[in-house]
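Coordinate-derived values only; no laboratory data. All figures in this text were calculated on a predicted structure; none of them were measured in a lab. Counting neighbours? That spans all protein chains shown, and the Cβs are built from the backbone with ideal geometry, glycine included.
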């Protein structure tokens with residue numbers, strides 16, 4: 001049941017076909033936020049105010065003020081996204097407050113009134129546009145509501161990059177390309193492939209009778225191995241891409257892969273972006289292992305066995321379940337699911353920690 005629910009949710013969000021443009025579109029949409037989340041979290045939690053040597057935040061040693069400012073930043077971006085998504089309604093609201101609704105105006109208001117209303121209308125739209133420029137990510141979110149995200153993605157990057165180039169800020173322009181083009185595109189491809197692999201394995205669980213524990217285990221191990229391959233290819237592509245960037249334009253390269261790894265070794269809190277990439281690439285596999293193991297533990301737990309014995313006894317006697325017995329049966333099933341998936345979450349977390357810990361020491 002849980003696997004079917006997860007697949008239904010995935011179909012609703014990513015579309016029915018795993019390797020489709022819509023699925024990649026959604027992965028790219030999510031990948032655009034990862035660098036932003038990484039730099040904000042790095043500053044809010046660890047005061048990493050100058051990622052890659054570019055000062056983005058104030059140097060605030062106190063934790064609570066940093067968290068408060070980070071919340072204010074997220075709230076401001078949410079407001080900006082709402083304004084851009086409702087630009088015309090926002091303009092109408094401002095104009096109506098200044099001149100009143102059109103239906104309440106005189107039939108022939110005159111040239112100055114018309115010109116004044118049109119001017120304020122343009123100002124209101126300009127305000128909404130200014131929000132879009134100030135928050136390039138908000139532009140992407142808003143446009144993605146109505147159009148393919150690739151268009152919104154290009155618009156957001158173009159705005160941010162153009163303003164940085166216009167101000168002759170090479171460091172900012174390079175950082176924008178890194179955070180909103182280079183890293184999201186590579187991360188989206190890795191997430192797209194990893195998600196497609198996991199969805200294919202989950203569909204295999206849903207076909208026919210319930211698979212045996214050995215089959216679930218083999219599929220989970222295969223999924224994990226392929227996810228680690230996706231992650232390895234992603235990290236290699238980032239390293240090669242940065243190396244190529246350095247060969248083409250060394251003056252604009254924000255940092256090299258070796259420099260970034262050295263910074264993480266010296267201070268693990270600086271690796272927030274890397275941690276998010278690893279997490280998003282392995283998340284579908286984590287869900288796969290969790291669901292498969294949770295289904296097995298739920299159906300083989302003593303809670304569900306007790307409920308099955310009661311149901312078999314009723315069927316053998318030909319008696320129907322009473323209202324109280326039916327409610328008790330539902331409670332048994334619910335508790336069995338909670339216990340099974342809770343235990344599966346703990347086991348899956350420990351398993352992934354055991355797998356990733358040696359890889360971490362090997363890479364870092």
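Each peptide in 225-231, 38-44 was scored by the mean count of other Cβ atoms within 10 Å over its residues; highest first, the order is 38-44, 225-231.
Give the residues of the stretch 176-190 whose amide nitrogen is closer than 13 Å to a point set 7 Å from the Cα of residue 252 in the direction of its Cβ. Zone members listed by number: 176-179, 181-182. Using a simple spin-label model with pseudo-atoms 7 Å out from Cα toward Cβ, residue 75 and residue 49 lie 2.2 nm apart. Rounded to 0.05, the FRET efficiency of the residue 335 and residue 233 pair, given R0 = 45 Å and the Cβ-Cβ distance, is 0.60.
Averaged over residues, the count of other Cβ atoms within 10 Å places the peptides 239-249, 27-37 in the sequence 27-37, 239-249, highest first.
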